[in-house]
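I have a structure I would like to understand better, so I am pasting it below and will then ask my questions one at a time.
The values are calculated or read from the model by the stated rules, or taken from the named source; none is laboratory data. Being a predicted model, the structure only gives us computed values, none of them experimental. Methodologically, a virtual Cβ is constructed for each residue, glycine included, from the backbone with ideal geometry; neighbour enumeration extends over all protein chains shown.
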Amino acid sequence: MSNENRDLIVLGAGPGGYMAAIRAAQLGRKVSIIEREALGGVCLNWGCIPTKALLTSAKLLHQIKNSSQFGLSTDGVKVDFPAIIARSRTVAERLSAGVKFLMKKNQVEVLNGNGVLEGQNKISVQSSDGSVKQYSYKDII
């Protein structure tokens, strides 16, 4: 198991984590961020953002179904639920890719895996393939 040094380790790449990592890197610190799932956290990937994409489709369907008040006939409108879900996933994935771009642009190392505190100023990261790497750090968020 190798040991690498960092000025800052950020545990979790949700909105608070990735913003802290970016700012610290902009201030010249050597930063790694640990995330076991997708960059951007729950809100971006599974909660707020995909939900808003689903709501947008629902609102559009509502407008279409009520378009007769504007003199429009929309007989035969069909809902393709798998396509609606796919669109919500595409929106979330695009934004997550944007976070990945910001990490690279600001030289924040992304560590995909599960972080486990191992003692004072030490953390290990186990990736999905089972490999483990240990890091020491000055600060952790």
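So, in the stretch 106-141, of the ones that are more than 21 Å from Ala24 (Cα to Cα) and charged (D, E, K, R), which residue ends up surrounded by the fewest Cβ atoms within 10 Å (Cβ to Cβ)?
So, considering only residues that are more than 21 Å from Ala24 (Cα to Cα) and charged (D, E, K, R), the one surrounded by the fewest Cβ atoms within 10 Å (Cβ to Cβ) is Asp129.
Does any residue of the stretch 61-76 turn out to be closer than 18 Å to Val125 by Cα, part of a loop (DSSP other than H, G, I, E, B) and touching a helix residue (DSSP H, G or I) at 6+ places or on another chain (Cβ under 7 Å)?
No, the stretch 61-76 contains no residue that is closer than 18 Å to Val125 by Cα, part of a loop (DSSP other than H, G, I, E, B) and touching a helix residue (DSSP H, G or I) at 6+ places or on another chain (Cβ under 7 Å).
Further question: What about Lys100, is it in contact with an Asp or Glu (Cβ under 7 Å, 6 or more places away or on another chain), touching a residue at least 60 places away in the same chain (Cβ under 8 Å), of a type in the set (D, E, K, R) and surrounded by 10 or more Cβ atoms within 10 Å (Cβ to Cβ)?
no
For the stretch 2-36, which positions are polar (S, T, N, Q) and not in a loop (DSSP other than H, G, I, E, B)?
Asn3, Asn5, Gln26, Ser32 - these are the residues of the stretch 2-36 that are polar (S, T, N, Q) and not in a loop (DSSP other than H, G, I, E, B).
Mind listing whichever residues of the stretch 65-90 are modelled with pLDDT under 95 and hydrophobic (A, V, I, L, M, F, W, C)?
Within the stretch 65-90, Phe70, Leu72, Val77 meet the criteria.
Hey, among Ala97, Ala53, Ala92, which residue is within 30 Å of Gly14 (Cα to Cα), aliphatic (A, V, I, L, M), assigned to a helix (DSSP H, G or I) and out of contact with any helix residue (DSSP H, G or I) (no Cβ under 8 Å at 6 or more places or on another chain)?
Ala97
How about the stretch 1-35: which of its residues are over 17 Å from Leu95 (Cα atoms), surrounded by fewer than 19 Cβ atoms within 10 Å (Cβ to Cβ) and of a type outside the set (A, V, I, L, M, F, W, C)?
The answer is Ser2, Asn3, Glu4, Asn5, Asp7, Arg23, Gln26, Gly28, Arg29, Lys30.
Would you confirm, using the coordinates I've provided, whether Val125 is closer than 14 Å to Ile9 by Cβ, more than 17 Å from the chain's Cα centre (by Cα) and not polar (S, T, N, Q)?
So Val125 passes the test.
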